[in-house]
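The values are calculated or read from the model by the stated rules, or taken from the named source; none is laboratory data. Quick caveat, the model's predicted, so the values are computed rather than measured. Glycine also receives a Cβ, built like all others from the backbone with ideal geometry; neighbour counts cover every protein chain displayed. Ligands, DNA and RNA are excluded from the accessible area calculation, which covers all protein heavy atoms including side chains. Shrake-Rupley method; radii C 1.70, N 1.55, O 1.52, S 1.80 Å.
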Amino acid sequence: MRKRILCAGIVMMSVARAAEAPQGIAAVAARRVVSPVRIDGMLREPEWHTPPVTAFLQREPDQGQQPTQRTQFWVAYDDANLYVAARMEDAHPDSIIALLSRRDDQTSSDAINIYLDPYHDRKTGYYFSVTAAGSESDGVLFNDDWDDNSWDGVWESAVQRDAGGWTMEMRIPLSQLRFDPARSRDWGINVRRFIGRRNEQDYLAYTPRNESGFVSRFPTLTGLGEVQPPARFELTPYVTARAEYTQHPVGDPFNNGSRYLPGVGADLKLGVTPSLTLDATVNPDFGQVEVDPAVVNLSDVETYYQEKRPFFVEGLSIFNFGNGGANNYWGFNWSAPTLFYSRRIGRAPEGSLPDYEFVDMPLGTHILGAGKLTGKLGGDWNVGVIEAVTKREYADIQFGSARSKVEVEPLTSYSVLRLQRDFNDGRQGFGVLGTLTKRFFADDRLRDELNAEAGVAGFDGWTFLDQDKVYVTTLWVAGSSIRGSRERMLTLQTSSGHYFQRPDLRSARLDSSATSMQGLAARMTLNKQKGAAAFNAAVGVISPGFESGDLGFIWRTNVVNAHVGAGYTWSTPTEYYRSFEIMTALFGSANFDGDVTWAGVWTGLWLELPNYYSMNLTLAYNPSVMNDRRTRGGPVTENPAGRELDFRLATDSRSRTVLQLSTMLYFGGGGTGRSLDASLEVKPSSTLSVSFGPTLERDETDAMWLGSYADPTATATCRNRYLFAHLNQTTVAANLRINWTMSPTLSLQVFVQPLISSGDYSGFKELVRPRSFDFREYGAPGTSIATSASDGTTRYALDPDGAGPLLAYVIDDPDFNIRSLRGNAVLRWEYTPGSTLYLVWTQSRSDYEAIGNFELGRSMDRLVGSHPDNIFMLKLTYWWGQ
């Protein structure tokens with residue numbers, strides 16, 4: 001997760017202007033401790049009675065002014081640890097906001113953040129944050145302005161509150177940090193204090209409003225000349241116990257409704273050099289503690305889910321591709337491929353099954369082992385390497401009295417390599433990223449269903465165009481190569497990512513004899529980093545044959561996309577607003593045949609009021625263009641013009657009750673869309689927060705895809721008939737979260753997501769001619785539609801010539817009513833630093849009916865009455881390290 005580090009520690013985007021605000025201090029001296037430091041928050045050690053650092057300045061709300069409350073800060077060290085202490089004086093200690101929260105959760109609590117740049121490269125580093133309630137968060141810094149909170153170090157802190165404010169002590173083992181004293185004895189350091197009731201942010205060195213660059217502004221931390229990187233070794237063994245109580249077919253020999261699965265494994269972290277760390281895992285446990293959200297996907301594009309598995313999440317930012325150098329990347333309908341999508345590793349098996357009555361299919365592909373090497377090579381190169389091997393998976397099937405095992409996933413190797421380096425104080429940089437997936441088949445049947453080998457290689461880089469680092473241009477180029485059997489390549493060419501079978505496609509050719517497929521993709525951007533005026537432009541291409549490989553994610557190919565945008569930000573607070581921003585852009589996309597597939601003009605307004613309420617309004621107009629995906633591999637059709645409006649309102653996040661409202665309206669473009677989202681968070685106490693977020697969506701689609709069938713008489717539509725219908729879809733969903741944090745190391749989190757979605761199809765019709773939005777409805781003169789029912793299923797006979805000689809095409813009623821309820825409860829106890837006990841309960845319910853009318857009461861009754869699947873899991877880890 002990438003973020004900008006400014007307001008409340010994290011800001012999504014910055015549009016910069018030069019500022020002359022003074023900065024607090026040039027250097028901070030660390031002292032060697034003379035006696036052991038006890039981390040209790042009491043500040044009794046002699047090191048904390050030496051002259052402190054106090055040169056803080058406000059960034060918010062009064063930039064460049066002296067803080068309203070004094071902060072004292074000290075740094076010390078010994079051979080194994082870095083120690084930090086701070087006193088946050090407060091004239092009104094009863095007004096300190098101290099909310100308990102889970103690790104890495106952001107709250108409006110008073111807090112102290114410590115930022116470190118151990119390499120002193122003015123670009124990367126770490127942050128450690130402690131609130132007045134003792135809650136901790138940490139993460140890594142990269143690209144000067146961004147951070148990633150997925151890294152979890154093993155460190156400890158303590159806080160105390162008294163009549164003069166509050167105090168904090170922190171111990172960070174040097175083994176948790178990467179640094180190279182051979183290249184630099186100095187580090188970079190920064191400190192931020194947040195005073196919740198005023199939204200005040202005090203820094204040693206802040207990034208002025210509308211500027212960029214954070215790590216590059218850090219004061220120097222001196223006095224660490226005697227520190228040597230310790231040997232880094234961490235071993236975290238774990239044990240798990242899992243009990244599943246699930247629904248199953250009557251007579252299922254593989255599932256009697258209950259299953260018990262023990263597990264044991266270990267994770268290893270080893271310092272190979274002072275700058276390189278090896279992470280290895282044996283029999284890894286990748287059980288998720290939070291379920292994926294339920295979605296109803298009627299498109300031809302795969303749903304993208306976030307990675308939540310610790311082994312892959314930690315340090316993932318080093319594999320970030322194509323986003324270095326610039327602090328802002330705009331995109332308008334740009335289908336940016338993700339070259340490394342770690343959820344491919346360990347995904348569910350994808351092999352087909354022969355006829356069966358009962359099956360026991362693995363839910364995921366077991367990872368035999370995985371290793372990750374990250375850090376710096378030669379002091380200048382950022383390096384990341386991942387190697388993982390997944391086992392050969394089998395499904396047990398029974399058909400009649402015969403039982404057998406069927407291979408559903410071959411033995412597979414996944415490899416990832418990332419190298420990146422910058423030059424000239426970050427003014428230029430370049431990197432490479434490569435992925436390779438290789439499968440070893442035992443069952444030749446799978447050769448026609450999965451790629452034998454898939455590889456992607458890419459180059460990315462940037463250069464600033466001026467001495468003051470105002471304008472930067474970035475470029476990335478990637479190539480892909482896929483290998484497999486002729487049947488597999490034919491399936492890939494005709495899949496939703498390529499549609500080579502399109503009868504009017506000119507830029508690519510369907511090749512049934514091919515055993516490989518190659519493609520290219522590239523993107524170039526120009527971004528203005530500083531100044532109240534913003535500018536951003538980009539152009540990108542994805543060729544028809546490009547694939548992100550079996551280790552990536554891609555939405556679509558065959559696209560040329562470009563935009564140019566500009567804006568202005570008024571960031572100096574007034575009596576009417578705290579900040580005001582306006583942006584506008586022109587954008588468009590085309591395919592390689594020259595058909596414009598998306599275009600428009602967009603304008604956005606953002607406003608933050610003096611009371612910290614915020615709102616934004618965006619407007620867009622899309623002219624009539626072509627659609628090369630509506631027919632799912634058929635000819636191009638027209639997209640009528642459309643208009644969109646989005647509005648969002650949010651109240652002050654510091655309040656005990658926080659409300660957010662957003663709405664979206666879309667008209668034209670072949671339908672209408674309306675949505676209303678609300679989020680209400682209530683904090684009845686410092687340990688408890690409850691949030692509820694209902695969503696209502698109403699979508700009407702004039703031409704929803706139903707299918708196609710060959711008809712030699714349909715000469716106007718390439719000898720195929722393409723069937724559509726009017727779809728009226730209603731979706732109601734909600735996210736309920738309860739966070740009860742009993743202490744900084746003990747918390748209970750409950751998540752519940754009900755979802756009900758109904759789809760009513762009507763007006764069945766067929767496309768009249770390509771490159772149009774003209775349809776002929778069945779039942780009109782010369783056609784007919786007949787309804788029948790059997791076995792509880794309604795069917796429609798669609799006859800394109802009525803009483804003529806052509807046979808009717810029969811389809812099942814596509815109406816649907818989907819109900820889902822997912823939820824889990826997670827008790828997390830970090831009983832010692834780095835060692836954790838998890839108790840997890842996950843429940844899921846689902847129900848389906850082939851009816852299109854939306855009836856909330858009926859749906860809730862059926863959902864509550866449905867039989868649940870329950871999964872209980874215990875996981876115990878123990879961290880041992882130095």
For segment 669-687, the count of residues that are part of a strand (DSSP E or B) and either crowded, with 17+ Cβ neighbours inside 10 Å or within 26 Å of the chain's Cα centre (by Cα) (or both) equals 12
Can you name the condition, by its number, that Gly458 falls short on among (1) open to solvent by 60 Å² or more (accessible area, probe 1.4 Å); (2) assigned to a strand (DSSP E or B)?
-> (1)
Check on Arg648, open to solvent by 50 Å² or more (accessible area, probe 1.4 Å), closer than 26 Å to Gly604 by Cα and charged (D, E, K, R) = yes
Regarding Ala80, is this residue of a type in the set (A, V, I, L, M, F, W, C) and more than 25 Å from Gln201 (Cα to Cα)?
-> yes
Matching residues in segment 194-204 (of a type outside the set (Gly, Ala, Ser), surrounded by fewer than 23 Cβ atoms within 10 Å (Cβ to Cβ) and outside any loop (DSSP other than H, G, I, E, B)) number 3
Tell me, please, whether a residue that is free of Cβ contacts under 8 Å to residues at least 24 places away in the same chain, in a strand (DSSP E or B) and closer than 30 Å to Val559 by Cβ can be found in segment 636-654.
-> no
Does segment 689-701 include one or more residues that are touching a strand residue (DSSP E or B) at 6+ places or on another chain (Cβ under 7 Å), among the basic types (Lys, Arg) and modelled with pLDDT of 95 or more?
-> yes
Would you pick out the residues in segment 836-861 that are surrounded by fewer than 17 Cβ atoms within 10 Å (Cβ to Cβ) and within 30 Å of Ile172 (Cα to Cα)?
-> Leu837, Leu839
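When you scan segment 215-226, do you find a residue that is part of a strand (DSSP E or B), free of Cβ contacts under 8 Å to residues at least 40 places away in the same chain and aliphatic (A, V, I, L, M), even just one?
Looking only at segment 215-226, we keep the residues that are part of a strand (DSSP E or B), and these are 220-222.
Okay, now just the ones that are also free of Cβ contacts under 8 Å to residues at least 40 places away in the same chain, so none.
Taking every residue of segment 215-226 in turn, none turns out to be part of a strand (DSSP E or B), free of Cβ contacts under 8 Å to residues at least 40 places away in the same chain and aliphatic (A, V, I, L, M).
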Hey, Thr787 open to solvent by less than 70 Å² (accessible area, probe 1.4 Å) and of a type in the set (Val, Ile, Thr) or not | no
Taking Asp152 as the residue in question, decide whether it is among the acidic types (Asp, Glu), open to solvent by 40 Å² or more (accessible area, probe 1.4 Å) and within 25 Å of Ile318 (Cβ to Cβ).
-> yes
Those residues of segment 462-514 which are under 29 Å from Gly634 (Cβ atoms), open to solvent by 50 Å² or more (accessible area, probe 1.4 Å) and either part of a strand (DSSP E or B) or touching a strand residue (DSSP E or B) at 6+ places or on another chain (Cβ under 6 Å) (or both), in sequence order = Ser481, Arg483
Candidates Asn735, Asn720 - the one that is open to solvent by 40 Å² or more (accessible area, probe 1.4 Å), at pLDDT 95 or above and not acidic (Asp, Glu) | Asn720
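A quick yes/no check of all residues on (1) in contact with a Cys (Cβ under 9 Å, 6 or more places away or on another chain); (2) at pLDDT 90 or above; (3) surrounded by fewer than 17 Cβ atoms within 10 Å (Cβ to Cβ); (4) in a helix (DSSP H, G or I):
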site	(1), (2), (3), (4)
Ser352	no, yes, yes, no
Leu373	no, yes, no, no
Gly384	no, yes, no, no
Asp396	no, yes, yes, no
Arg403	no, yes, yes, no
Asp425	no, no, yes, no
Gly431	no, yes, no, no
Thr437	no, yes, no, no
In segment 64-80, anything in contact with a Pro (Cβ under 8 Å, 6 or more places away or on another chain), of a type outside the set (A, V, I, L, M, F, W, C) and at pLDDT 95 or above is listed as Gln72
When you scan segment 611-626, how many residues do you find that are under 30 Å from Leu723 (Cα atoms) and open to solvent by 30 Å² or more (accessible area, probe 1.4 Å)?
-> 4
Just a yes or no: is a residue in segment 168-189 farther than 30 Å from Trp879 by Cα and modelled with pLDDT of 95 or more?
-> no
Verdict on Val191 being at negative phi, free of Cβ contacts under 8 Å to residues at least 60 places away in the same chain and crowded, with 23+ Cβ neighbours inside 10 Å = no
Give Thr167, Thr207, Thr240 a once-over and let me know the one that is within 24 Å of Val37 (Cβ to Cβ), of a type in the set (Ser, Thr, Tyr) and open to solvent by less than 40 Å² (accessible area, probe 1.4 Å).
-> Thr167
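Pick out the one residue from Asn616, Asn611 that is outside any strand (DSSP E or B) and over 30 Å from Leu510 (Cα atoms).
After ruling out the rest, the residue left standing is Asn611.
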Test for Leu748: is it open to solvent by 50 Å² or more (accessible area, probe 1.4 Å), within 35 Å of the chain's Cα centre (by Cα) and touching a residue at least 40 places away in the same chain (Cβ under 8 Å) | yes
Strands (runs of 3 or more DSSP E) wholly in segment 774-863 with at least 1 residues that are free of Cβ contacts under 8 Å to residues at least 40 places away in the same chain - which ones?
-> 775-777, 784-790, 793-799, 809-812, 835-849
Could you grab me the full set of residues in segment 255-268 that are open to solvent by less than 50 Å² (accessible area, probe 1.4 Å) and at pLDDT 90 or above?
-> Ser258
Just to be sure, is Arg343 at pLDDT below 95, in a strand (DSSP E or B), touching a Phe, Trp or Tyr at 6+ places or on another chain (Cβ under 7 Å) and basic (Lys, Arg)?
-> no
Among the residues of segment 570-584, how many are of a type outside the set (Phe, Trp, Tyr) and surrounded by fewer than 15 Cβ atoms within 10 Å (Cβ to Cβ)?
-> 3
Residue hits (segment 212-251; touching a helix residue (DSSP H, G or I) at 6+ places or on another chain (Cβ under 9 Å) and among the charged types (D, E, K, R)) are Arg232, Glu234
Which listed residue, of Glu697, Glu608, Glu638, is acidic (Asp, Glu) and open to solvent by 60 Å² or more (accessible area, probe 1.4 Å) | Glu697
Of Ser129, Ser184, Ser135, the only residue that is farther than 30 Å from Ala533 by Cβ and open to solvent by 20 Å² or more (accessible area, probe 1.4 Å) is Ser184
Residues satisfying the stated conditions in segment 515-544, i.e. in a loop (DSSP other than H, G, I, E, B) and either touching a residue at least 60 places away in the same chain (Cβ under 8 Å) or surrounded by fewer than 17 Cβ atoms within 10 Å (Cβ to Cβ) (or both) = Thr515, Gln529, Lys530, Gly531, Ala532
Does Gln420 satisfy the criteria of being open to solvent by 20 Å² or more (accessible area, probe 1.4 Å), under 30 Å from Arg217 (Cβ atoms) and assigned to a loop (DSSP other than H, G, I, E, B)?
-> no
